[in-house]
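Some notes on the structure that comes next.
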Amino acid sequence: MSKPSCAARAALASLAAVIALTGCESMSERQRGTAAGAGIGAATGAVVGSATGGKAGTGAAIGGVVGAVAGNLWSKRMEQKRAEMQRTTEGTGIAVVRTPDNQLKLNVPSDFSFDSGSAQIKPQMRPVLDQFAQGLDPKMRVTIVGHTDSVGGEDLNNRLSVDRAVNVRAYLGTHGVDASRMIANGRGEREPIAGNDTPAGRAQNRRVEIFLSEPSSRG
């Protein structure tokens with residue numbers, strides 16, 4: 001068997017480093033993104049550099065820098081806000097996640113946020129929204145999306161989902177979030193995440209999703 005080329009060895013080494021680093025539990029979301037981007041960029045740079053007549057090592061170094069920048073679209077501010085919201089929502093059933101396109105997403109179940117058939121924000125949701133609004137950079141953007149289950153008419157569910165999103169936007173607006181940076185819309189019953197044929201499934205579908213993004217993280 002022939003020995004692997006220098007480019008191949010560099011690529012394999014870079015990818016091995018990615019696997020080792022991103023598996024480290026002590027790393028933050030931001031650090032994992034940087035490590036993954038750097039490793040993949042280095043592997044790609046090594047192969048491209050060799051194929052085009054350049055040095056594999058040089059290509060790997062350049063690719064690593066480019067990849068690190070691309071992988072680090074999740075900023076320190078977003079990581080801090082994610083950690084804050086996870087602490088605030090612990091034990092509430094609210095899911096706080098980083099989306100594949102580098103947005104911070106809060107999935108708020110309606111039994112925590114609204115009574116059935118109502119668009120009035122429950123008192124227990126207000127501290128969560130207060131923490132969300134605190135310290136946001138003015139350039140960050142917020143999108144609020146309301147969802148319902150399939151009980152009731154489609155028109156009613158559409159209105160209810162919009163009203164819930166609009167009320168969340170209004171609440172955040174009174175707590176310092178620039179209204180021009182917020183979008184509120186409702187999807188009614190059109191985007192279920194579970195079956196509507198059981199009470200548990202309908203409960204999952206009744207929800208409000210709040211997305212936070214930075215201009216650079218949305219391309």
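Placing a pseudo-label 7 Å from each Cα along the Cα-to-Cβ vector at residue 198 and residue 83 gives an inter-label distance of 3.8 nm.
Hey, with R₀ at 30 Å, roughly what FRET efficiency would residue 154 and residue 76 work out to, going by the Cβ-Cβ distance, to 0.05? Could the numbers behind the result be given before it?
On the way: r = 43 Å, r/R0 = 1.43.
Result of the calculation: an efficiency of 0.10.
Any idea what the dipole of segment 76-218 comes to, in debye rounded to 20, about its Cα centre with Lys/Arg Cβ at +1 and Asp/Glu Cβ at -1?
On the way: 21 positive and 18 negative charges, 98 e Å.
Roughly 460 debye, rounded to the nearest 20.
For the peptides 160-170, 145-155, the ranking by packing is 160-170, 145-155, with the highest mean count of neighbouring Cβ atoms within 10 Å listed first.
Throughout, read-outs are computed from the coordinates displayed, never taken from laboratory work. Bear in mind the structure is a predicted one, so any value in this text is a computation, not a measurement. Glycine gets a Cβ as well: all are built from the backbone with ideal geometry, and neighbour counts include every protein chain shown.
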